[in-house]
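Asks: Take a look at the following structure, please.
The values are calculated or read from the model by the stated rules, or taken from the named source; none is laboratory data. None of these values were measured; they are calculated from a predicted model. Heads up, the Cβs are rebuilt from the backbone with ideal geometry, glycines too, and the neighbour counts pull from every protein chain shown. In case anyone asks, the SASA skips ligands and DNA or RNA and just uses the protein heavy atoms, side chains included. Shrake-Rupley method; radii C 1.70, N 1.55, O 1.52, S 1.80 Å.
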Amino acid sequence: GAVVSQHPSRVICKSGTSVKIECRSLDFQATTMFWYRQFPKQSLMLMATSNEGSKATYEQGVEKDKFLINHASLTLSTLTVTSAHPEDSSFYICSASHSRGSTDTQYFGPGTRLTVL
Amino acid sequence: QKEVEQNSGPLSVPEGAIASLNCTYSDRGSQSFFWYRQYSGKSPELIMSIYSNGDKEDGRFTAQLNKASQYVSLLIRDSQPSDSATYLCAVTLSGNTPLVFGKGTRLSVIA
């Protein structure tokens, strides 16, 4: 149980285009999902917290108009990188919070590797 | 500022030995504690979760939590080369608040 998927796993796009990444909790409902970015040999960086049915909360320094997050259902959150540029090339990873009784555990998706040419 | 501190390593252990990974955290309000394993180029994978003081064992892994000392550890018994990865310690106030990660400890198990 507690499987999180991401699609696509890898995407290459031209500068100026937009890319949508989907994050799905396959066997549980997730009120809260999180989006991270990781550059090579660096730590995970939290971009935003996504709550079902409400606006995402962005971390300081993350442009909300550039990284659009939609959490329209309890099993799906999407991240759209708008007008992508080469500096947006990175490994984007989502996680979903799975509640069992009084405990909550975050499970990560497999990640999406974005390359902007 | 909520912080999680880990020794970045690399920690090298011979195959079959016990690997000991340590982590301290600054926020006394933290309620949930996790160890994730991350292989190069992959996303983090949950290894252990622990919520109360003491030890929790799962196969070759044992997590230890001491809230008074604000200390979490992970022991890996009978270490295997496949255990070579970066181990991330993470803490959170609750499941709906973001995890605070340490920078990770790189473990290398030598065959």
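Asks: Any residue that is at pLDDT 95 or above, within 14 Å of the chain's Cα centre (by Cα), open to solvent by 50 Å² or more (accessible area, probe 1.4 Å) and of a type in the set (A, V, I, L, M, F, W, C) - is there at least one of those in region A:51-68?
Replies: Taking every residue of region A:51-68 in turn, at least one turns out to be at pLDDT 95 or above, within 14 Å of the chain's Cα centre (by Cα), open to solvent by 50 Å² or more (accessible area, probe 1.4 Å) and of a type in the set (A, V, I, L, M, F, W, C).
Asks: In addition: Restricting attention to region B:17-44, which residues are surrounded by fewer than 17 Cβ atoms within 10 Å (Cβ to Cβ), within 14 Å of another protein chain (Cβ to nearest Cβ) and small (Gly, Ala, Ser)?
Replies: Within region B:17-44, B:Ser40, B:Gly41 qualify.
Asks: While we're looking at this one, here's another question. Does region A:1-53 hold any residues that are among the β-branched types (Val, Ile, Thr), assigned to a strand (DSSP E or B) and in contact (Cβ under 8 Å) with a residue 40 or more places away in the chain, and which are they?
Replies: The answer is A:Val4, A:Val11, A:Ile12, A:Val19, A:Ile21, A:Thr32.
Asks: Inside region B:98-111, can you point out the residues that are open to solvent by less than 40 Å² (accessible area, probe 1.4 Å), facing chain A (nearest Cβ under 10 Å) and more than 18 Å from A:Lys41 (Cβ to Cβ)?
Replies: B:Leu99, B:Val100
Asks: Suppose we filter A:Pro86, A:Pro110 for residues that are under 22 Å from A:Ser43 (Cβ atoms), open to solvent by 40 Å² or more (accessible area, probe 1.4 Å) and at the interface with chain B (Cβ under 9 Å from one of its Cβ atoms); which single one remains?
Replies: The unique qualifying residue is A:Pro110.
Asks: With (1) touching a residue at least 24 places away in the same chain (Cβ under 8 Å); (2) part of a strand (DSSP E or B); (3) open to solvent by 60 Å² or more (accessible area, probe 1.4 Å); (4) within 14 Å of chain A (Cβ to nearest Cβ) as the list, and B:Lys2 as the residue in question, which single condition is left unmet?
Replies: All conditions are met except number (2).
Asks: Can I ask one more? Answer yes or no: is there a residue in region B:72-84 that is modelled with pLDDT under 95 and open to solvent by less than 20 Å² (accessible area, probe 1.4 Å).
Replies: No.
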